[in-house]
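A quick write-up on the structure given underneath.
The values are calculated or read from the model by the stated rules, or taken from the named source; none is laboratory data. If you're wondering where the values come from, they're calculated on a predicted model, not measured in any experiment. Cβ: placed from backbone, ideal geometry, glycine included. Neighbour counts: every protein chain shown. Accessible surface is based on the protein model in full, side chains and every heavy atom, while ligands, DNA and RNA are left aside. Shrake-Rupley method; radii C 1.70, N 1.55, O 1.52, S 1.80 Å.
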Amino acid sequence: MDKQKIVIANWKMNLSPADSLNLAEAIITKLAEIKPLQAQTVLCPDFLSLSGVAQKIKEQSISLGAQDCFWEPSGAYTGEVSPQFLRELGCAYVIIGHSERRQYMAETDEQINLKVKAALANSLIPVICVGETFEERQEGNKDFVISQQVSVALKGVKLLDQDKVIIAYEPVWVIGSGQAVAPEEAEHAHRVIRQVLIDHFSINAVNGQIKIIYGGSVKPNNVGNFLIQPAIDGILVGGASLEAESFAELVKQANL
Ligand code: PGA
């Protein structure tokens with residue numbers, strides 16, 4: 001992929017549709033101060049807020065993403081959300097396999113694999129979340145767990161020339177904790193992920209079509225240390241994306 005860093009806001013289930021519109025507007029105002037805006041910026045509101053936010057950002061160089069999708073394009077799947085319809089609404093990205101979905105909705109690596117394929121089939125860029133729990137880390141299984149998650153998520157995936165993929169390394173135990181991992185440690189995990197990707201795809205595809213980003217308690221005061229790591233192509237942000245000022249500050253620091 002290009003060299004631009006990417007900053008993805010994951011608003012989770014924190015904001016009502018009205019709050020989401022207000023925040024999108026405040027972010028647009030703040031980002032207008034960054035000239036030129038080079039970093040790629042993606043907002044991922046909850047499903048109910050997607051179309052409103054899509055309208056707000058349509059003239060902006062900000063992209064839209066969803067927080068999940070189902071693996072079928074349409075049909076009798078009560079309550080599920082189609083990747084095809086997300087695309088129709090203006091989404092370019094979709095977060096898949098976030099640790100909160102793995103934990104609370106018991107999402108498996110196999111389901112994540114189906115969703116990744118469905119996202120790509122519908123011209124969405126999957127943002128595939130992987131990361132170890134605290135116990136897995138204590139047991140010394142971190143690299144194995146991450147490699148396994150990436151491997152299964154990408155099983156049977158064939159990247160066409162126009163396809164893009166993002167892998168988000170998010171150590172589960174630091175998400176929302178206020179305490180990020182050491183940037184050098186994240187860099188190591190990114191290199192492990194890169195090796196797994198090279199097992200699956202050509203080196204050209206890995207260099208040209210895949211970004212590996214970090215998530216987990218990224219804040220304006222620590223983001224710079226992540227972004228200077230050579231294998232870190234961007235960030236996935238929860239808490240610090242819920243406030244226009246701090247989010248814009250992250251984008252500013254990612255703006256090369
Ligand atoms: P956090 O969340 O920035 O609040 O730690 C990150 C995420 O869950 O993607």
* In the stretch 77-86, is there at least one residue being more than 24 Å from residue 153 (Cβ to Cβ) and not polar (S, T, N, Q)? -> no
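Report yes if residue 128 is open to solvent by less than 20 Å² (accessible area, probe 1.4 Å), in contact with a helix residue (DSSP H, G or I) (Cβ under 7 Å, 6 or more places away or on another chain), closer than 23 Å to residue 94 by Cβ and assigned to a helix (DSSP H, G or I), otherwise no.
Taking the combined requirement at face value, the residue does not satisfy it.
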* Asked: If we scan the stretch 68-89, do we find a residue that is crowded, with 21+ Cβ neighbours inside 10 Å, more than 16 Å from the ligand (Cβ to nearest atom) and not in a helix (DSSP H, G or I)?
  -> yes
* What's the number of the condition residue 140 fails, among (1) open to solvent by less than 30 Å² (accessible area, probe 1.4 Å); (2) in a loop (DSSP other than H, G, I, E, B); (3) over 28 Å from residue 81 (Cβ atoms); (4) not hydroxyl-bearing (Ser, Thr, Tyr)? -> (1)
* **Where a residue in the stretch 210-238 is at negative phi and among the charged types (D, E, K, R) and its partner, wherever it lies, is at pLDDT below 95 and open to solvent by less than 20 Å² (accessible area, probe 1.4 Å), with Cβ under 6 Å and at least six apart** => none
* Asked: Just for the stretch 221-241: of the residues that are under 20 Å from residue 94 (Cβ atoms) and surrounded by fewer than 24 Cβ atoms within 10 Å (Cβ to Cβ), which one is nearest to the ligand (Cβ to nearest atom)?
  -> 238
* Structure fact -> Residues in the stretch 143-186 that are of a type outside the set (A, V, I, L, M, F, W, C) and not in a helix (DSSP H, G or I) total 14
* To do: Output yes when any residue across the stretch 151-166 is within 14 Å of the ligand (Cβ to nearest atom) and of a type in the set (A, V, I, L, M, F, W, C), and no when none is.
  => yes
* To do: Among the candidates 196, 206, single out the residue that is part of a helix (DSSP H, G or I), over 18 Å from the mean Cα position of the chain (by Cα) and more than 15 Å from the ligand (Cβ to nearest atom).
  => 196
